[in-house]
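Student: Have a look at this one.
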Amino acid sequence: MAYERLEGGGAPPSAALVTGGASGIGAATVAALRADGTRVAVLDRTQPSHETDGVRSFIADLADPDAARDVVDTIAAEWGRLDVLVNCAGISGAMPVHETTDDAWARMIDVNLSAAFRTSRAALPHLARTRGCIINVVSTIALRGYPAQAAYAASKAGLVGLTRQMAADYGADGVRVNAVAPGVTDTPLTSSRFLSDPEWVADVVGPVPLQRAARVEDIAGAIRFLASSEAAYITGQVLAVDGGVSTSSLSAVPRRPQFASSLTVSP
Ligand SMILES: NC(=O)c1ccc[n+]([C@@H]2O[C@H](COP(=O)([O-])OP(=O)(O)OC[C@H]3O[C@@H](n4cnc5c(N)ncnc54)[C@H](O)[C@@H]3O)[C@@H](O)[C@H]2O)c1
């Protein structure tokens, strides 16, 4: 029996909301979705650094419990639909547990995890109508420990759990939920360290099989794919976009062989 491909190959999504879309990975995601003709709303506490046609910008702090619902309701009323939610807004902070205050812990969990929960809760009724999808931006630090990232790791690991749970709960309604886990990426969140701390750059790039940090476009491309109908049968997944670092142990290898000179192609 031949199986018909049910949903793949369809039109690009019509309307998307990207939190944290004013900067870095979020801004690149907005550009990638706009390139497909998708209307995009951005919810961010700061103004996007450059205006893009077809983008509706909302300035709000996701720590405000009503912010996400108000924005989702407004765009759903204006556009009549919502197809994609990208929960990308996030903050970081290097702290081991013994140096993490209650306030710092609460703020990290609130912005990185609870805000994604609230935004997803507001968006789900609309996504169920369009058989839409959610993409959560997590981190490889959610998958493996990294020095002094207690609250950040916990917030992102929580978002991985929420991703899988929502995929299980809402798949029957046609809503897909996935996560993208970037490795270290050169964005405003990390650029000062890229510029000022060569030892840190060597530490984070050294173990990466592809031997470079991610560009924002690398991450945005994966988000765009997961938002597209090409990913119609993918849900509950965490796609690491990290140059291979989370599937290797190269940091434990003192000297790295290069194989190019001995890799020959048969004539
Ligand atoms: N840069 C990296 O190396 C890296 C690696 C893994 C994961 N990530 C994740 O990718 C996402 C994007 O990070 P980025 O590197 O592009 O950072 P970024 O600082 O360039 O962008 C984050 C955006 O989120 C917004 N934001 C933060 N708190 C907010 C709040 N309370 N309300 C509304 N908006 C808020 C900021 O204003 C900013 O525009 C984050 O979730 C981050 O944890 C980044």
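Student: Just to check your reading of the model, which residue among R176, R215 is touching a residue at least 12 places away in the same chain (Cβ under 8 Å), among the basic types (K, R) and within 12 Å of the ligand (Cβ to nearest atom)?
Tutor: Of the residues listed, the single one that is touching a residue at least 12 places away in the same chain (Cβ under 8 Å), among the basic types (K, R) and within 12 Å of the ligand (Cβ to nearest atom) is R215.
Student: On to the next question. Pick out the one residue from W79, W105 that is aromatic (F, W, Y) and touching a helix residue (DSSP H, G or I) at 6+ places or on another chain (Cβ under 7 Å).
Tutor: Unique residue meeting the criteria: W105.
Student: Could you pull out the residue among V55, V72 that is within 17 Å of T130 (Cβ to Cβ) and within 20 Å of the chain's Cα centre (by Cα)?
Tutor: V72
Student: Now for a separate question. What are the residues in segment 87-107 that are within 10 Å of the ligand (Cβ to nearest atom) and not small (G, A, S), if any?
Tutor: N87, C88, I91, R107
Student: Something else now. Of all residues in segment 242-267, count the ones that are part of a loop (DSSP other than H, G, I, E, B) and of a type in the set (G, A, S).
Tutor: Qualifying residue count for the region: 5.
Student: Here's something else I'd like to know. Please specify each residue of segment 120-164 satisfying the condition of being within 14 Å of N87 (Cβ to Cβ) and near the ligand (Cβ under 10 Å from one of its atoms).
Tutor: N136, V137, V138, S139, A142, S155, K156, L159 - these are the residues of segment 120-164 that are within 14 Å of N87 (Cβ to Cβ) and near the ligand (Cβ under 10 Å from one of its atoms).
Student: From the list A22, A15, which one is surrounded by 18 or more Cβ atoms within 10 Å (Cβ to Cβ), within 15 Å of V84 (Cα to Cα) and either modelled with pLDDT of 95 or more or polar (S, T, N, Q) (or both)?
Tutor: A15
Student: Please go through (1) surrounded by 22 or more Cβ atoms within 10 Å (Cβ to Cβ); (2) within 9 Å of the ligand (Cβ to nearest atom) for A63 and return the number of the only condition it doesn't satisfy.
Tutor: All conditions are met except number (1).
Student: Among the listed residues I223, I234, identify the single one that is aliphatic (A, V, I, L, M), away from the ligand (no atom under 12 Å from the Cβ) and in contact with a helix residue (DSSP H, G or I) (Cβ under 8 Å, 6 or more places away or on another chain).
Tutor: Within the list I223, I234, the selection yields I234.
The values are calculated or read from the model by the stated rules, or taken from the named source; none is laboratory data. Keep in mind that this is a model prediction, so the values were computed, not measured. Cβ sites come from the backbone with ideal geometry, for glycine too, and all protein chains shown count toward neighbours.
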